[in-house]
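A short reminder: the numbers here are calculations on the coordinates, not readings from a lab. Treat the numbers as computed from the prediction; the structure is a model and nothing was measured. Here Cβ is always computed from backbone atoms with ideal geometry, including for glycine, and neighbour counts include all displayed protein chains.
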Amino acid sequence: MSPLLAIDGLTAGYGGLPIIDNIGLNVAPGEIILIIGPNGAGKSTVLKSVFALTSIIAGSIRFADSEISRLATQKLVPMGIAAVPQTRNIFPSLTVSENLDIGTYAAPPRNRAEVEEKVLTLFPDLKAKLNQPAGELSGGQRQMVTLGRALMSEPRLLLLDEPTAGLSPAYLERIFDLILDIRKAGITILMVEQNARQALSIADRAYVLVNGRNFASDTGANLLANDEIRRSFLGGTRPS
Amino acid sequence: MDPVGLFFYLVAFLIFGGIYAILCLALNVQWGYGGLFNAGIAGFFAVGAYTSALLTAAPAQTHLGGYELPVPVGILAAAVTAGLTGWAVAKICIRLKSDYLAMASIGIAEILRMVIVNEDWLTNGSLGITNIPRPFDGFVQGRAADILFLLVVWAVVIIVYLICNRLYDSPWGRTLRAVRDNEDAARAVGKDVDAFRLQTFVIGAALMGVAGALSAHYFRFLSPEATEPLLITFLVWVMLMAGGSGNNKGAIVGALSVWAIWSMTEIFANRLPAEFATRSSYIRMLLIGLLLQFVLQRYRSGLLPERSPGNAFDKDTDKTNG
Amino acid sequence: MESLMMEFINFYLIPGLALGSVYALGAIGISMIFGILRFAHFAHGDVMTLGAYGTLTAVWMSGLHPLLALPAGIAFAILAALAVDKVFYKPLRDLPTIYTVIASFGVALIFRSLVQLIWGTQNEVFIRGVQKPIVLFDLIRVSVLHLESIAVIVLAAIALHYFLTRTRTGRSMRAVSDNPELARVAGLDTEKVVRSTWIIGASLAAIAGVLSGLDTNIHPNLGWNLILPMFAAAILGGIGKPMGALLGGMVIGLIEELSSYTWFTDEPLINPGYKTATAFLIMVILLIFRPQGLLKGRLF
């Protein structure tokens, strides 16, 4: 099957200063792909490059067989890509319902009511809070609001930048479960995650980035079993 | 125009050019060094002008004082009162985004205008203060006095220029530029960023007061009209932008060149048919407004850009969006 | 006692509400522009002036009542605002916003000198002669204009609330004001939001300009003279909170009028010459104690 997203020889950064160098990466439809690596390896920069939030120096990014590396962010949502930034990822003074609504503006879904129903089935916690300003919610609930907003555009590819950052361990489990549910709904996922060990257990494949370059890539299970990877990136101890 | 007339036109041009140069240097301390946006230059100018006028003028029933103090005392007092006004404004807004400082400074300037117009006992309202002396009044009379005053003004310009240059190169100036260019880094190494900003604003305001005082002594007469914000605040901004913010020579060059453009348009306007001539001052305003936009878009670093590498405010090079 | 009460209502309270309406209409635009474009728009008062002169010209040409000719003034103000945004503000969008603030000073001057060039500097009036006030219950005497102003602000409040919470453009505007980066990631058309901001801001400013011109007269400094109380109103309401700005405008207008009422003695509390300074004082007190405003606006 041809990949949904294919990144090839990507060099990108901010203001002409490259952060990532010659990155290659493929995401097939229906996969959960993980990017891990030490701090400052350029993981988020890869996601931001796909979303046209960096300056791309060289390389190509193809989505569903069309080149998107020259497109503006605004054009990507209607094509079927949605992104969830790591921080400041809600509209705090808008209500939960309005936050979800914003998700539909760039890419109006065919059946809005149905999509909203689906999203609220995924995140039942939000049902009682629809008319509350999103800024009043807890960290975990905010994460659900931003995921919900992204899903409202019915994306084919979802980019997640550290979806569990700053969450309590209890929420961490729930978010990973939700990511599996989202995939079950037919959405392909490319994510960056600090909690690499848990994330590897739900990912199909993962790319390890070091200093802005590809270091290794394999299935989640193989990487978890790899001693060198475990020692360098997963904190050394044996997987539980 | 006969040669003598031309010569004295030039003297008058350079006297006011010098006063503008001081204003421009003062604004450069606030904006070029400290990145502080002062939209109320006219207010500090007015405080200085009235302070010095009231202290040095002959006694009068129509306004406070007339204490006949020596002119240098008046000018120093002008620096002190304008500096204190600046301190009060900066104290309130220094922590906030620069837009707030703009609003507060313009507000202070407007309130000062109200005070000047309303408080007759203090300022004689719109009738103004007369009999303001010039320095060395006893020595020369007539047109020669203009030449002498020209020398006084430019002596002050040179002193202010030297002070500003010393400030720029001092450890204080270096810290200030660090604060301006990267506030977070400066805070991280333990610099009291707000205190540094406050100091720049006060120094700038004090120098603006000096310029105001000189202008009052030059005209020997002072009324609220002399502190017209368009002519003081606005023109000075255009001058500094055109000359090159951050560079003291640029500030002087900018002041003189924009003042030259301003004065020359006046000469042309006087030759226009009467129906246009009455409206010519608005055409000049329009042109100055457009000149500012042009400078902002095309010549942000000005005629003489700042010496240190990279113009601090131009984030062109490190934009984070592609 | 009763007559004192009536004097208070007739000469202070109602004019205060009417003045507040003018401030509120201007402050809404200032607050929106500050929230979405992130800069203090110093030319906003002069957009009001343009709206007033545009309407005046339409009145001259058509002979209509100023409120009927208002759409022409609104259109004129919108065109001017969109044009300066495109030519003067947009090229500076990627720079620190203080450059745009400086540019807006220049635009204020450009607008004012254009008005002086085209219409001259003399005072103009919309309607000649004195209008009879409406007398209610033999006690309350209100000028028609003040009633109109209050009606306009009530309508504007309802329309604005509906627009901001129910329409897609309104919600997008609030989203961009809340979190511009996320708005971009969510695929919102930021330039369209910016255009809507100018259109709404300029329309309300034009209405404010005409109301203010009807109350006294029309002159080139009409809007510039109002810029400080309008900024004060925007800060009072919380930057980026249009409904807050509306409230802030009403409060500032009331305080200005009430400050010259004979509260404790036979003398006005504050010399009427300093009326506009009271707005500024409120602004200063807010900046010291509560810079986020009453409705918890964004603190920049």
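From helices alone, chain B scores -22500 deg cm²/dmol at 222 nm; the rule is -39500 (n - 2.57) for each run of n ≥ 4 DSSP H residues, then divide by the residue total.
Between B:Arg220 and B:Leu290, 0.36 nm times their residue separation minus their Cα-Cα distance comes to what? Before the final figure, lay out each step's value.
Numbers: separation 70, 0.36 × 70 = 25.20 nm, distance 3.34 nm.
Full extension from B:Arg220 to B:Leu290 adds 21.9 nm.
Neighbour counting of Cβ atoms within 10 Å sorts the residues B:Phe45, C:Phe126, C:Phe289, fewest neighbours leading, into C:Phe289, C:Phe126, B:Phe45.
How would the stretch C:2-289 be classified by its alpha-carbon gyration tensor: rounded, prolate or oblate, with rounded meaning a/c under 1.5 and the a/b versus b/c comparison settling the rest? Taking the square roots of the gyration eigenvalues as a ≥ b ≥ c, the stretch C:2-289 is prolate.
How would you classify the stretch A:143-224 from its alpha-carbon gyration tensor, with a ≥ b ≥ c the square roots of the eigenvalues: rounded for a/c under 1.5, else prolate if a/b is greater than b/c, otherwise oblate?
Numbers: a/c = 1.71, a/b = 1.43, b/c = 1.20.
Prolate shape, in that a/c is at least 1.5 and a/b is the bigger ratio.
Here the sum of -39500 (n - 2.57) over DSSP H runs of 4 or more residues, divided by the residues of chain C, equals -22000 deg cm²/dmol at 222 nm, to the nearest 500. Residues whose amide H lies under 5 Å from that of A:Gln132, counting only those 5 or more places away or on a different chain, are A:Val96, A:Ser97; hydrogens are built 1.01 Å from N in the peptide plane.
The calculated Kirkwood hydrodynamic radius for the stretch B:167-223 is 13.1 Å, given to one decimal from all distinct C-alpha pairs.
This ranking places C:Glu181, A:Glu193, A:Glu228 by how few other beta-carbon atoms lie within 10 Å of each, fewest first, which gives A:Glu228, C:Glu181, A:Glu193.
Over every Cα atom in chain B, the radius of gyration and the widest Cα-Cα span, Dmax, amount to 20.0, 67 Å. May I ask you to evaluate 6.51 cos²θ - 1.76 cosθ + 1.60, the Karplus curve with θ = phi - 60°, for each residue of the stretch C:94-99 and list the ³J(HN,Hα) values in order in whole Hz, giving x for glycine and proline? Using θ = phi - 60°, the values come out as 8, 8, x, 4, 4, 5 Hz.
Based on the alpha-carbon gyration tensor of the stretch A:85-162 and its eigenvalue square roots a ≥ b ≥ c, which shape applies: rounded if a/c is under 1.5, prolate if not and a/b is larger than b/c, or oblate? It is oblate, given that a/c is not under 1.5 and a/b is not larger than b/c.
With coordinates expressed along the principal axes, the C-alpha atoms belonging to the stretch A:5-233 extend over 47, 38, 29 Å, beginning with the largest. Rg ratio for the stretch B:1-131: its Cα radius of gyration over 2.2 N^0.38 Å, N being its residue count, equals 1.22.
Using R₀ = 41 Å, calculate the FRET efficiency as 1/(1 + (r/R₀)^6) where r is the Cβ-Cβ separation of C:Leu155 and A:Thr87; round to 0.05.
On the way: r = 40 Å, r/R0 = 0.98.
So, using R0 = 41 Å, E works out to roughly 0.50.
Scalar couplings 3J(HN,Hα) for the stretch B:132-146, obtained by applying the Karplus form with A = 6.51, B = -1.76, C = 1.60 to θ = phi - 60°, are 8, x, 9, x, 6, 4, x, 8, 10, 10, x, 5, 4, 4, 5 Hz; x denotes Gly and Pro. The mean of 1/r over all pairs of different alpha-carbon atoms in the protein assembly as shown, once inverted, gives a Kirkwood hydrodynamic radius of 30.1 Å. The label point for A:Asp125 and the one for B:Asn182, both projected 7 Å from the Cα toward the Cβ, are 3.9 nm apart. In this simple spin-label model, placing a label point 7 Å from the Cα along the Cα-to-Cβ direction at both A:Asn111 and A:Asp65 gives a separation of 2.8 nm.
Applying the Karplus relation 6.51 cos²θ - 1.76 cosθ + 1.60 with θ = phi - 60° to the stretch B:207-224 yields 3J(HN,Hα) values of 5, 4, x, 4, 4, x, 4, 4, 5, 4, 5, 5, 7, 6, 8, 9, 9, x Hz, where x marks Gly and Pro.
Peptides B:83-95, B:57-69, C:79-91 ordered by packing proxy, namely the average of other Cβ atoms within 10 Å per residue, highest first: B:83-95, C:79-91, B:57-69.
With angles folded into 0 to 90 degrees, how steeply does helix B:280-298 sit against the dominant principal axis of chain B? Use alpha carbons for both and round to 10. Around 20 degrees separate the two axes. Within straight-line reach of C:Lys86, meaning a Cα separation under 18 Å, sit the following aspartates and glutamates at least 8 residues removed in sequence or on another chain: C:Asp46, C:Asp94, C:Asp189, C:Glu191.
Computed from Cα positions, the angle between helix A:139-151 and the longest principal axis of chain A comes to roughly 90 degrees. Amide H contacts of A:Gly59 (H built 1.01 Å from N, in plane; Pro and chain starts excluded): A:Thr11 sit under 5 Å, all sequence-distant by 5 or more or on other chains.
Across peptide B:286-295, the average count of Cβ atoms from other chains found within 10 Å of a residue's Cβ is 5.
Inter-chain neighbour count for A:94-107: the average number of beta-carbon atoms from partner chains within 10 Å of each residue's beta-carbon is 4.
Can you sort A:Leu147, B:Leu256 from fewest to most other Cβ atoms within 10 Å of each residue's own Cβ?
B:Leu256, A:Leu147
Distant-in-sequence amide contacts of A:Met191, defined by a placed amide H-H separation under 5 Å and a gap of 5 or more residues or a different chain, comprise A:Ile33, A:Leu34, A:Ile35, A:Leu160. Among the residues of C:171-183, the average count of other protein chain beta-carbon atoms within 10 Å of the residue beta-carbon is 6.
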